[in-house]
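Chemist: One structure follows; several queries about it will come next.
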Amino acid sequence: MEVRRFSELSRAEALRRLGSVGVGRIVFTEDALPAIRPVNHVVDGGAVIIRSHAGAALLSAVGTVVAYEADVIEEDDRIGWSVIVTGVARQVRGAEALARYHRILHPWVDRDMEYVIRIEPELVTGFALSNGQ
């Protein structure tokens, strides 16, 4: 088995890679227990933007610290990357911003996703696995 090289990503590179994929996982607290939900996202101005529907458990995360994670790891050669963003989830409220995010972030499920949540990264960590060369 070939050895993989582990390297840390800069904040800018981690956010660039996060923005290059459309789905990740939000980690939040639900009823005092950890909860994880897969969601699609966009990265806008360094912030992670997701949409949600009324009644979704993740709406309880608004105003709290959450983590957001996405990765791409190739199964066959085990090369790829992982990025974790930690920050406070806030509900986007301005009509102009809401309209913009409704235009650029399309839900992957057949539901009315009227809520928009913005995660401002306070901590960004990322790593890459590459060939050991």
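Chemist: Figure the gain on full extension for E13 and S60 (residue separation times 0.36 nm, minus the Cα-Cα span) and round it to one decimal in nm.
Modeler: Computed gain between E13 and S60 is 13.9 nm.
Chemist: Which entry is the computed semi-axes √(5λ) of the Cα gyration tensor in Å for this structure: [x] 32, 13, 12; [y] 22, 19, 13; [z] 29, 15, 14?
Modeler: Computed from these coordinates, semi-axes √(5λ) of the Cα gyration tensor in Å corresponds to label [z].
Chemist: Same structure, new question: Counting pairs of alpha carbon atoms under 8 Å apart in space and at least six apart in sequence, what relative contact order in percent does the chain give? Provide the component values of the computation, followed by the final result.
Modeler: On the way: 275 pairs, mean separation 46.8, N = 133.
Rounded, it is 35 percent for the chain.
Chemist: While we're on this one: Please report how far the C-alpha centroid of the stretch 1-61 lies from that of the stretch 78-133, rounded to the nearest whole angstrom.
Modeler: Going from one Cα centre to the other spans 5 Å.
Chemist: Still on this structure: Report the local net charge at I36: Lys and Arg +1, Asp and Glu -1, summed over other residues whose C-beta lies under 11 Å from its C-beta. Intermediate results must be reported in sequence, preceding the final value.
Modeler: On the way: positive: R25, R37; negative: E30, E69.
It works out to a net charge of 0.
Chemist: While we're on this one: If you put +1 on each Lys and Arg Cβ and -1 on each Asp and Glu Cβ, how big is the dipole of the chain around its Cα centre, in Debye rounded to 20? Write down the numbers at each step before the final one.
Modeler: Details: 15 positive and 18 negative charges, 80 e Å.
Computed charge dipole of the chain: roughly 380 debye.
Chemist: Just going by the charge dipole of the chain, with Lys and Arg at +1 and Asp and Glu at -1 on Cβ, which of V92, M113, I36 is farthest out on the positive end?
Modeler: Highest projection toward the positive end goes to V92.
Only the coordinates and a few stated rules stand behind these numbers; no lab work does. Fair warning: this is a prediction, and the values are worked out from it, not measured in the lab. Neighbour counts are summed over all protein chains in view; Cβ atoms, including those assigned to glycine, are modelled from backbone coordinates with ideal geometry.
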